[in-house]
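The values are calculated or read from the model by the stated rules, or taken from the named source; none is laboratory data. Just so we're clear, the structure is a prediction, and the values are computed from it rather than from any experiment. Quick reminder, even Gly has a Cβ in these numbers, built from the backbone with ideal geometry, and neighbours come from all protein chains shown. Please note that ligands, DNA and RNA were not included when accessible areas were found on the heavy atoms of the full protein model with its side chains. Shrake-Rupley method; radii C 1.70, N 1.55, O 1.52, S 1.80 Å.
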Amino acid sequence: MTETSTDRASGFIHHVGAHEPEATDGRATLVVDVDERHLNHAGAVHGGLLATLVDTTMGAAIGSTLAEGSAATSQLTVTYLRPAKPGRLAVSAAVSKRGESLTVCEADIEQDGESLVHALATFALLDG
């Protein structure tokens, strides 16, 4: 079987214990339960996992606006507001601005009603 880019994305996000985000009309959401395997040495959810979750969810939000082609992250800024702990994380993303070849997207992660992460990214729009 030939692996497609969608298969690779699905494989990686599945590897970290999450599912594909739900996306439509430039918005996307992802809910994931994190546990001890996602923790860093300080006992908080690893920042790399949080960055992966916002990047993946923003990519899905942008993908929901594309009739063809794809998008690739060209810049990602992640602001960690407070540490995440084991439990349910809710990720939301929305396209902020869309240009001819670049799109800006924002995302947030919340846990138990508190903001944990805010992210801002620029994605390059690629031809199909």
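For region 43-128, which whole percent of the accessible surface, found with a 1.4 angstrom probe, sits on carbon and sulfur atoms?
Numbers: 2090 of 4270 Å².
Its accessible area is 49 percent carbon and sulfur atoms.
Give me the base-10 log of I(q)/I(0) for region 11-123 at each q in 0.11, 0.20, 0.23 Å⁻¹, Debye formula, one uniform scatterer per Cα, rounded to two decimals. Once normalised to I(0) and log-transformed, intensities are -0.32, -1.00, -1.27. Dipole magnitude for the chain: about 280 debye, using +1 per Lys or Arg Cβ and -1 per Asp or Glu Cβ, origin at the Cα centre. Under a 5 Å amide H to amide H cut-off, with H placed in plane at 1.01 Å, what residues pair with residue 39 once short-range neighbours are removed? Excluding prolines and chain starts, which carry no amide H, the hits are 46. Solvent exposure of the chain, expressed per residue, is 59 Å² of accessible area, with all protein chains present and a 1.4 angstrom probe.
Annotation: average projected area of region 21-80 is 4.9 square nanometres, based on the convex hull of Cα atoms across all directions.
Between residue 88 and residue 42, the modelled label-to-label distance comes to 2.7 nm, taking each label 7 Å out from Cα in the direction of the beta carbon.
Based on the mean of other Cβ atoms within 10 Å per residue, sort peptides 86-97, 13-24 so the most packed one is first. Walk me through the numbers before you get to the answer.
Values: 86-97: 17.7, 13-24: 15.7.
Ranked from most to least packed, the peptides come out as 86-97, 13-24.
Taking 7 Å steps out from each Cα toward its Cβ at residue 25 and residue 77 produces label points 2.9 nm apart. Stretching the chain fully between residue 68 and residue 16 yields a gain of 16.0 nm (0.36 nm per residue, less the alpha carbon separation).
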